[in-house]
1. For a paramagnetic label modelled at 7 Å from the Cα of B:ARG1 toward its Cβ, which residues of segment B:22-44 fall within the zone defined by backbone nitrogen distances under 20 Å?
2. Among all the aspartates and glutamates, which ones have a C-alpha under 13 Å from B:LYS79's C-alpha, if same-chain residues fewer than 8 places away are not counted?
3. Just the isolated ones, please: cysteines in chain B lacking another cysteine beta carbon under 4.7 angstrom.
4. Between exposed trypsin sites (Lys or Arg not before Pro) in chain B, where DSSP calls loop and at most 10 other Cβ atoms lie within 10 Å, what's the longest gap?
5. Which FRET efficiency value, to the nearest 0.05, do you get for B:ARG66 and A:GLU14 by plugging their Cβ-Cβ distance into 1/(1 + (r/R0)^6) with R0 = 45 Å?
6. Output needed: percent of Cα pairs per 10 Å distance bin for segment A:1-115, bins running from 0 to the one holding the longest distance.
7. For the protein assembly as shown, take the alpha-carbon Rg, divide it by the Kirkwood Rh, and send me Rg/Rh.
8. At most 15 other Cβ atoms within 10 Å and a DSSP loop assignment: could you name the trypsin sites (Lys or Arg not before Pro) in segment A:23-71 that fit?
Amino acid sequence: EAGVTQFPSHSVIEKGQTVTLRCDPISGHDNLYWYRRVMGKEIKFLLHFVKESKQDESGMPNNRFLAERTGGTYSTLKVQPAELEDSGVYFCASSQPQTGVQDTQYFGPGTRLTVL
Amino acid sequence: RKEVEQDPGPFNVPEGATVAFNCTYSNSASQSFFWYRQDCRKEPKLLMSVYSSGNEDGRFTAQLNRASQYISLLIRDSKLSDSATYLCVVNQSGNKLTFGGGTRVLVKP
């Protein structure tokens with residue numbers, strides 16, 4: 001079974017440009033999450049989709065970040081315009097709800113974003 | 001104060017030895033707890049969930065102390081392949097995971 005995939009693996013852009021990151025969750029997983037790790041900090045939650053709906057977007061840093069999950073399959077995270085402090089590794093994760101137990105989040109390999 | 005705190009290490013461990021480390025969490029209402037493993041420049045991977053009664057998976061033993069708000073991980077008979085960063089992860093509400101900064105473990109021959 002294919003795991004969570006993310007594209008691109010690396011992106012280098014200049015300040016002020018736009019970047020779109022893509023995540024394909026494990027097939028059939030309703031839950032999709034975005035996290036990021038900026039240099040020297042711990043991984044932090046950005047938002048959570050259940051199918052195509054945003055369940056929790058409390059971790060989104062500001063309105064330069066826009067996440068979508070049209071059709072409830074893959075998701076995109078757009079940063080526009082990018083700032084230097086947006087540099088970091090953006091992880092996507094997916095999970096499938098289970099009855100009575102905490103569902104396991106499976107992480108993708110991440111997109112390493114560098115803003116110059 | 002960070003929501004989840006870990007000693008960053010590194011813990012230098014001779015091969016075959018036992019190593020243990022903790023993490024503390026600040027939110028007493030936290031619902032579930034995990035240890036993830038992260039290799040250099042790779043994604044976090046679930047090592048094990050942590051249950052109130054403590055649980056074991058092969059050479060790995062996890063404990064939860066709700067009263068003192070800490071979680072521990074013990075690795076017995078360390079292997080070179082155990083070298084990694086171990087992330088303490090807490091689910092405070094919903095499905096939003098909160099990560100510690102990680103504890104780096106280096107197992108040496």
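Since every read-out is calculated from the coordinates, none of them should be taken as a lab result. For clarity, every value in this text was computed on a predicted model and none was experimentally measured. Reconstructed Cβ throughout: ideal geometry from the backbone, glycine too, with neighbour counts over all protein chains shown.
1. B:22-34
2. Once the sequence-local aspartates and glutamates are set aside, what remains near B:LYS79 is B:GLU15.
3. Cysteines of chain B left without a disulfide-compatible partner: B:CYS40.
4. Excluding the exposed sites themselves, the longest stretch runs over B:42-109.
5. Details: r = 48 Å, r/R0 = 1.07.
Plugging the Cβ-Cβ distance into 1/(1 + (r/R0)^6) gives 0.40.
6. In order of increasing distance, the bins hold 15, 49, 29, 6, 1 percent.
7. Over the Cα atoms of the protein assembly as shown, Rg/Rh equals 0.98.
8. Within segment A:23-71, the qualifying trypsin sites (Lys or Arg not before Pro) (loop, at most 15 other Cβ atoms within 10 Å) are A:LYS41, A:LYS51, A:ARG64.
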